[in-house]
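Notes follow the structure.
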Amino acid sequence: MPSPTQHPSRSSEEEDTRAGSQPAGAASTARAEILAVLEDAGYNAAAAAELLGRAYREPQDADPDPDFLETLAGGHALIVQYGDCELHAACQCGRRLGMCAPDASLDTFVPGWERHTNTEVSHG
């Protein structure tokens, strides 16, 4: 009997090796795998992509502070996060703006963010 999370037509061995059987490159990303699972569950490609996009825009904090609610659903704030020994910048809308060393000035990200918000974003 398949587990609740297992696809009904796949054995547990197939489930365990599914990720390993994915083609290399862009087709093996977590996003591609999630989209494939959603399509297997009956979503068409457009609906699966829209659902994944909605999930990404939802707050990610499991225990949010009501005074500082996180949002990815709107706006174009410059977001800077610390990664593995580097700073990563992105717009609140999801547009990646680059990375730099932690001792570099945060002003490094401003020209790309200003270009994005002033020329790439529709203001209408």
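If you go through the range 87-110 and pick out every residue that is assigned to a loop (DSSP other than H, G, I, E, B) and over 21 Å from Y56 (Cβ atoms), you end up with 5.
For (1) touching a strand residue (DSSP E or B) at 6+ places or on another chain (Cβ under 8 Å); (2) at pLDDT 70 or above, each residue gets a yes or a no:
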| position | (1), (2) |
| --- | --- |
| D16 | no, no |
| P23 | no, no |
| A41 | no, yes |
| A55 | no, yes |
| P59 | no, no |
| R96 | yes, yes |
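The values are calculated or read from the model by the stated rules, or taken from the named source; none is laboratory data. From a predicted model like this one, the values you see are computed outputs, not experimental measurements. Backbone-built Cβ (ideal geometry, glycine too); neighbour counts: all protein chains shown.
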